[in-house]
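Please treat every number below as a calculation from the coordinates, not as lab data. Predicted, not measured: the structure shown is a model, and the values here were computed from it. Cβ atoms come from the backbone with ideal geometry, glycine included; neighbour counts cover every protein chain shown.
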Ligand SMILES: [Zn+2]
């Protein structure tokens, strides 16, 4: 038997997953520092969708998306408890992400979305994104890293 009530359980899970998002952000920030990529701000409220990282001069927005909250097609699994509720909530998040991406691109902002699992696994995609940020004049693989 679950020791938490339904509402409390949702709250607890939300807190745990929020924590996950934060650590993903910290991982990416640490990578940027290690490779001496500068010129970014965290959660710029000046920009639609409050990108996790925004490079104002270069007009690049980077979203580091938690696999749960943003409905990663590879990793997302609705919790067994309240499955329908979660599936619907996450679908709304996905729609909002897509809207934000389209809006920013129309405004001439380069949008890059990185999944939590890419960061955790230090995938090739992460390497490509960092390379792109270090050498903006050679966006040779920008198509590959855009995502969404
Ligand atoms: Zn994932």
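Below, the figures for the structure above:
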item: Exposure proxy order (Cβ contacts within 10 Å, fewest to most) of 44, 38; result: 38, 44
item: Nitroxide proxy distance, nm - points 7 Å out along Cα→Cβ at residue 45 and residue 107; result: 1.6
item: Calculated FRET value between residue 23 and residue 74, using beta carbons and R₀ = 25 Å, to 0.05; result: 0.85
item: Highest-first arrangement of 50-61, 66-77, where packing means the average Cβ count within 10 Å; result: 50-61, 66-77
item: Residue-span extension gain [residue 34 to residue 127] - 0.36 nm each, minus C-alpha spacing; result: 32.2 nm
